[in-house]
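Here's the structure, in structure tokens; my notes come after.
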Amino acid sequence: MSETEMYDLIIIGGGPGGLTAGIYAMRAALKTLLIEMGPPGGQVNNSDSVENWPGEEHIGGAELAMKFSLHAQSYGLEIRAVEVTELTPGQDFHTIKLADGNQLRTHAVILATGGYPRKLNVPGEQELYGQGVSYCAVCDGFFFRDKTVVVVGGGDAAVEESLYLAKLAKQLYIVHRRDELRAGAILQQRIKAECNVEILWNSVVTAVKADISGVCAVELKDTQTGEQREQATDGVFIFIGFEPNNKLVPAGTKINANGYVITDDKCETNHPGIFVIGDLREKYAKQIVLAAGDGCTAALAAAHYVETRKAIETCELPDEIKDTASS
Ligand code: NAP
């Protein structure tokens, strides 16, 4: 049987941004629900070690995720594991449809759905996913102890994950399409100091090859000479960036050419009362601390929005203020 419950705020996504929003929303006494299908913490769970969360020199990703979740739940935040299928903006309230057939109403929404690893889209990648192709070193690195692995990409993620894999693998090759890494200077210094890591510059993977036991090689192309060759490997880890998960973003929302949502400085979209935070929001960098900062901003702004909506509903505001508040 379907039900329609009413909330002050519904947060969709339980990564660092969503959970921080949950903490601030509960402290602001909003009736709040956080919906997350996976384990609380989102992508942070895939990081072996987080070294740039203030106050923690080194902390495991899964441990940090657990701390965020316990902190939010200590305020009594309601968390539900269910899929959201649709978000429809409205003037008086927004409507959220769930895969279990239920429907929820809320004054404000914070969308914190992050994104997905970008794919290479080369032959063999999809077919060999789980049989040597991976997008998560912490999840799958163990299977490559004393083996040869290829990491694709030159950004922070590729280098950070390579540092983790280099401790397990016998030999690691980083395949990067240019002659210079994009990753930050400290990560570059560290990876260049690893004896079992070689960077294959100006190279792209054009296919992933397999034998009976899974991945056995990658086909490489030199971006300058066009020359093709094969590199034997037992596994391929792909870290070439990120695609925003914008499938719940309502029609008519301002997004940029890459699919990231454009917000104002309160993280509010062009739909009043709908906020977007974290990796789904257009901004300069993607960091755990920035997602958490977004969560704080959006929850504080949502609290103000909800207070204004309730004042309008109970006719506490003069007409001229009602007009500006609801526009
Ligand atoms: P990123 O910074 O966008 O780097 C993507 C890398 O993949 C780049 O080196 C890019 O090459 C390469 N690439 C992209 N498309 C490719 C393709 N089709 N074929 C081959 N190579 C391709 O992505 P990221 O490393 O996932 O990081 C995402 C964000 O998270 C960044 O803001 C990053 O700073 C942040 N992050 C931070 C940390 C940390 O602070 N510890 C850790 C992880 C991520 P080009 O360089 O030639 O463009």
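Among the residues of region 250-266, which ones are loosely packed, with under 15 Cβ neighbours inside 10 Å and of a type in the set (S, T, N, Q)?
ASN256, ASN258
Can you tell me which residues in region 184-197 are within 14 Å of the ligand (Cβ to nearest atom) and among the basic types (Lys, Arg)?
ARG190 - this is the single residue of region 184-197 that is within 14 Å of the ligand (Cβ to nearest atom) and among the basic types (Lys, Arg).
Out of LEU87, LEU70, which single residue is free of Cβ contacts under 8 Å to residues at least 12 places away in the same chain and within 21 Å of the chain's Cα centre (by Cα)?
LEU70
Residue by residue through region 267-280, note down the ones that are over 19 Å from the mean Cα position of the chain (by Cα) and open to solvent by less than 10 Å² (accessible area, probe 1.4 Å).
Correct list: GLY273 only.
Does TYR164 meet the test of being open to solvent by 70 Å² or more (accessible area, probe 1.4 Å) and under 21 Å from the mean Cα position of the chain (by Cα)?
So TYR164 does not fit the description; no.
Going through VAL215, VAL261, VAL249, VAL276 one at a time, which residue ends up being at pLDDT 95 or above and in the same structural domain as ALA137 (by TED's automatic domain parsing)?
VAL215
State whether the residues of region 184-196 include one that is over 14 Å from VAL122 (Cα atoms), free of Cβ contacts under 8 Å to residues at least 60 places away in the same chain, touching a strand residue (DSSP E or B) at 6+ places or on another chain (Cβ under 9 Å) and open to solvent by less than 20 Å² (accessible area, probe 1.4 Å).
Yes, there is a match, as at least one residue in region 184-196 is over 14 Å from VAL122 (Cα atoms), free of Cβ contacts under 8 Å to residues at least 60 places away in the same chain, touching a strand residue (DSSP E or B) at 6+ places or on another chain (Cβ under 9 Å) and open to solvent by less than 20 Å² (accessible area, probe 1.4 Å).
If you scan region 135-164, which residues turn out to be away from the ligand (no atom under 14 Å from the Cβ) and at pLDDT 95 or above?
PHE144, ARG145, ASP146, LYS147, THR148, VAL149, listed by residue number.
Per-residue answers, yes or no, for (1) within 16 Å of the ligand (Cβ to nearest atom); (2) assigned to a helix (DSSP H, G or I); (3) modelled with pLDDT under 95:
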position: ILE10; (1), (2), (3): no, no, no
position: TYR24; (1), (2), (3): no, yes, no
position: LEU34; (1), (2), (3): no, no, no
position: PRO40; (1), (2), (3): no, no, yes
position: ASP48; (1), (2), (3): yes, no, yes
position: ALA62; (1), (2), (3): yes, yes, yes
position: MET66; (1), (2), (3): no, yes, no
position: ALA72; (1), (2), (3): no, yes, no
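Out of all the residues in region 16-25, is one or more open to solvent by 40 Å² or more (accessible area, probe 1.4 Å) and aromatic (Phe, Trp, Tyr)?
Within region 16-25, one or more residues are open to solvent by 40 Å² or more (accessible area, probe 1.4 Å) and aromatic (Phe, Trp, Tyr).
Here is a check on your reading of the model: is THR223 in contact (Cβ under 8 Å) with a residue 60 or more places away in the chain, open to solvent by 30 Å² or more (accessible area, probe 1.4 Å) and assigned by TED's automatic domain parsing to the domain that holds LEU163?
no
Which numbered condition trips up ASN270, out of (1) touching a strand residue (DSSP E or B) at 6+ places or on another chain (Cβ under 9 Å); (2) more than 16 Å from the ligand (Cβ to nearest atom)?
Of (1) touching a strand residue (DSSP E or B) at 6+ places or on another chain (Cβ under 9 Å); (2) more than 16 Å from the ligand (Cβ to nearest atom), only one is false for ASN270: (1).
Does ASN246 fit the bill of being within 30 Å of GLU51 (Cα to Cα) and open to solvent by 50 Å² or more (accessible area, probe 1.4 Å)?
yes
LYS147: over 21 Å from the mean Cα position of the chain (by Cα), closer than 27 Å to GLY235 by Cβ and either among the basic types (Lys, Arg) or buried (at least 20 other Cβ atoms within 10 Å of the Cβ) (or both), yes or no?
Here the answer is yes, as LYS147 does meet what is asked.
Kindly check whether there is at least one residue in region 171-183 that is modelled with pLDDT of 95 or more, within 11 Å of the ligand (Cβ to nearest atom) and on the phi > 0 side of the Ramachandran plot.
No: zero hits.
Looking at region 298-317, which of its residues are at pLDDT 65 or above and open to solvent by 40 Å² or more (accessible area, probe 1.4 Å)?
Those that are at pLDDT 65 or above and open to solvent by 40 Å² or more (accessible area, probe 1.4 Å): LEU300, HIS304, GLU307, LYS310, GLU313, THR314, CYS315.
Does ASN102 satisfy the condition of being within 16 Å of the ligand (Cβ to nearest atom), over 20 Å from CYS267 (Cβ atoms) and in contact (Cβ under 8 Å) with a residue 60 or more places away in the chain?
For ASN102, the condition - within 16 Å of the ligand (Cβ to nearest atom), over 20 Å from CYS267 (Cβ atoms) and in contact (Cβ under 8 Å) with a residue 60 or more places away in the chain - is not met.
How about region 221-252: which of its residues are within 16 Å of the ligand (Cβ to nearest atom), in contact with a Gly (Cβ under 6 Å, 6 or more places away or on another chain) and assigned to a loop (DSSP other than H, G, I, E, B)?
PHE239, ILE240, ASN245
The values are calculated or read from the model by the stated rules, or taken from the named source; none is laboratory data. Please read these numbers as outputs of a predicted model, since none were measured by experiment. Cβ sites come from the backbone with ideal geometry, for glycine too, and all protein chains shown count toward neighbours. Accessible surface is based on the protein model in full, side chains and every heavy atom, while ligands, DNA and RNA are left aside. Shrake-Rupley method; radii C 1.70, N 1.55, O 1.52, S 1.80 Å.
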